[in-house]
Structure formats: C-alpha cells, structure tokens
Amino acid sequence: MRPNPQIVVLCGAISPEREVSLRSGRAVAAALPGSVLVELNENALPSWLQGPGYVAFPVIHGDYGEDGQVQAELTRRQVSFAGCDEVTSRLCIDKVATKRVMRQAGVPAIPEVAFSGQNLPTAETLVQTLGEEMVIKPADKGSSVGLYVLKGREQIMAVLQELSPTGQWMAERRLRGRELSLGILNGQPMGIVEIVPMQGVYDYRTKYTAGASNYLFPAPIDAGFTAAIQAQAANLFQACGCRDFARADVILEPDGKFYFLEINTMPGMTETSLMPKSASCLGLDFPALVQRMIAPALQRAHATSASC
C-alpha cells in the first residue's frame, strides 16, 4: 500500500445535477494538489478504485451520490471517504424522514403533506391543510430540482397534474422570510449566509447562475438568532448521524421564528455555492475548507492502515 493514500475526487454520474457536480468536482480537485479527478459517466465506480490505498472525496450531487449508493459501494471496497456514511446519506436525501428526525430532536420544522405521484391528494385537501400558498417539491432530490412555488387552487391543481407518477413528493406551507444557510464542519456550525434572489425564488436556475442572487455573509441578523440557529444546526447534524460536514437550510420569518428545511450531506462546491461562503465567515478560504473537509477521511484511512 502507498505510504500516503491517493486522494480521488469523484464527480459527475447520471442525475439532473450532473453539470453542477462536475463543476464542484473540478473545484475540489484543484484545491487538493496531487489528487486524481474522476468524472463518472455512469452511476458506478471505476474498477481500479479498491482498497485502503485510496481516499475518496465524492462530490456527486443528487442520485447515486447523495442517496447512499456511492457510500455503500466505497465501504464494500474498503475505501475511506469524506462525508456522511451510507445510512445518514439515505436518511437525509429523504426530506420527509429528515423532518421526522428534526421533530424528535426539537429542531423547528413546519408541517408537510407527503404523497406519491400515483396517489395524489386533491388541491382542495392541500389547501385545507396548508393554506393557499405552498411549495411542492420532490421528497428525495436536492438543489431545488422540481421546485414549485404556488398560490391558489388553480395553480396547485395544474401542477398536481404535471407531477411525475413515479416520484415521491411533498407539499409545505410557503414560508415568507429570509432564506439562510450554514455549513457544519466536524459538528461545528460555521457562518450563516443570507440568500437574496434578484428576482423570483431561489430555484435550481437561480442557485447555479452567477449574479442571479446576492449573498450576505455573515448574514446581518441579530446575534441571538445567529446563536440559536447555529445551535439547532449542530443539534440536527448530530441527530441525523452526520459526520465530517453538511449544510443546513433555514427560513427566518418576520416574527422571529425560524424553521429548518433540510440538511444536505453533499453540499455544492462551485463558485456560487453556499458552503464556501459559510466557511469564509470563519476566515477559511476554499483550499483550507476542502482540506478540512477531507481530513477526517484521511485520519480514518491511516487508522485502518495502522490496525492492519
């Protein structure tokens, strides 16, 4: 085995978020001199990636990367990797399951209606439960893919008819407040970023188009709110069984109440991504952040090597 493991950055694969994953992977590899960048063209690992001589840094957003599949395969191959394990990844990609954990841990979360594409609720049922303004989104995707922001029965009815019959979906009351996000690094919350879309909502296009949103970091919010949000982010990280890093998304309403939307186990690492902005609040530049993100995986690899 090599005296020091070879770092392999994994990106791409086949999902709606492939292009963002490729951008993230290239940025991460550039921040890790001597690493090998592997751009996957299928949802499978290269055959040579086997054993404790490698440490992987997966940056595969969406399907295959965030749902526990790549983590399970790396574990079977005895490859140490950065980020959450298979069980936590599978939990956190499921927004409904994650919200159950939130409630058990006392993390503020708003009610949702979960349903499959083959068993749709009526628009009337959703309105009676959530009100006339709501968000409908996939229950098991990331990056705001398939996000609908709706008002009124006609819009809701029209979108319900468009939804994929094979998908899992959830509806929530639309929160009208400040959109916030913060990274968690080794269990410690970093700075809070406020997202201000130039127009419309913070959807997939807005999220990954440079100049489509303004970002304020650290967010100009009261110190008490900052501390409370950071404490609950750390609570959520622990409750979900996360390790190494994650990113949590929050809405702060005008009345001072805040609600967590989700925790992302494989945050974006592009030039517009939130995780690097959160880290910069602590004085960490991009290379320093990336090195801290992979450090625990390198430690696990060395521990495994020492025990052999």
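Every number in this text was worked out from the coordinates using simple rules, so none of it is lab data. Just so we're clear, the structure is a prediction, and the values are computed from it rather than from any experiment. Cβ coordinates were reconstructed from backbone atoms using ideal geometry, including for glycine residues, and neighbour counts include every protein chain displayed.
Spin-label point model (7 Å from Cα, Cβ direction): what's the Lys257 to Leu120 distance in nm?
3.0
Could you order the peptides 250-262, 214-226, 6-18 from most to least packed, using the average number of other C-beta atoms within 10 Å per residue?
Numbers: 250-262: 16.9, 214-226: 14.5, 6-18: 21.7.
By packing density, highest mean first, the sequence is 6-18, 250-262, 214-226.
Here are some values of Cα extents along the principal axes in Å: (1) 63, 45, 38; (2) 61, 50, 35; (3) 92, 42, 27. Which one was computed from this structure?
Answer by label: (1).
For the stretch 1-90, what number results from the quotient of the Cα radius of gyration and 2.2 N^0.38 Å?
Values: Rg = 12.0 Å, N = 90, 2.2 N^0.38 = 12.2 Å.
Ratio of Cα Rg to 2.2 N^0.38 Å: 0.99.
Helix-only mean residue ellipticity at 222 nm, the chain, DSSP H runs n ≥ 4 weighted -39,500 (n - 2.57), per residue, nearest 500. What is it?
Working: 10 runs with 109 residues, N = 308.
Estimated from H runs of four or more residues: -10500 deg cm²/dmol.
Give the residue list of chymotrypsin sites (Phe, Trp or Tyr not before Pro) in the stretch 59-151 that are DSSP loop and have at most 14 other beta-carbon atoms within 10 angstrom. Could you put the intermediate results ahead of the total?
Numbers: sites: Tyr64, Phe81, Phe115, Tyr148; in loops: Tyr64.
Answer by residue number: there is no such site.
Say R0 is 25 Å: what FRET efficiency, to the nearest 0.05, do Gln238 and Arg77 get from their beta-carbon distance? Before the final figure, lay out each step's value.
Details: r = 28 Å, r/R0 = 1.12.
About 0.35, to the nearest 0.05.
Just how far, in whole angstrom, is the stretch 254-308 from the stretch 14-45 if you go by their alpha carbon centroids?
So the separation of the two Cα centres works out to 16 Å.
As a test, work out the antiparallel percent of DSSP beta bridges whose residues both lie in the chain, rounded to the nearest 5.
Working: 38 of 50 bridges.
DSSP beta bridges in the chain are roughly 75 percent antiparallel.
If you wrap a convex hull around the Cα atoms of the stretch 214-308, how much volume per residue is inside, in Å³?
In the stretch 214-308, the Cα convex hull volume per residue is 125 Å³.
Over the stretch 112-173, what portion of Cα pair distances is larger than 13 Å, expressed as a whole percent? Don't skip to the end; give the middle numbers.
Numbers: 1037 of 1891 pairs.
That tail contains 55 percent of the Cα-Cα pairs.
Sequence gap at least 6, Cα distance under 8 Å: using those rules, report the relative contact order of the chain to the nearest whole percent. Let's see the in-between values first.
Details: 646 pairs, mean separation 63.7, N = 308.
In percent, rounded to a whole number, it is 21.
Report the FRET efficiency, 1/(1 + (r/R0)^6), for Val149 and Ala227, where r is their Cβ-Cβ distance and R0 is 30 Å, rounded to 0.05. Please list the in-between numbers first.
Details: r = 30 Å, r/R0 = 1.00.
Efficiency at R0 = 30 Å is approximately 0.50.
Sticking with the crude label model, points 7 Å out along Cα→Cβ, report the distance from Ala30 to Gln188 in nm, one decimal please.
Taking the simple label geometry, Ala30 and Gln188 are separated by 2.7 nm.
Using only the alpha-carbon atoms of the stretch 10-144, report the extent along each of the three principal axes, biggest first, to the nearest angstrom.
56, 30, 28
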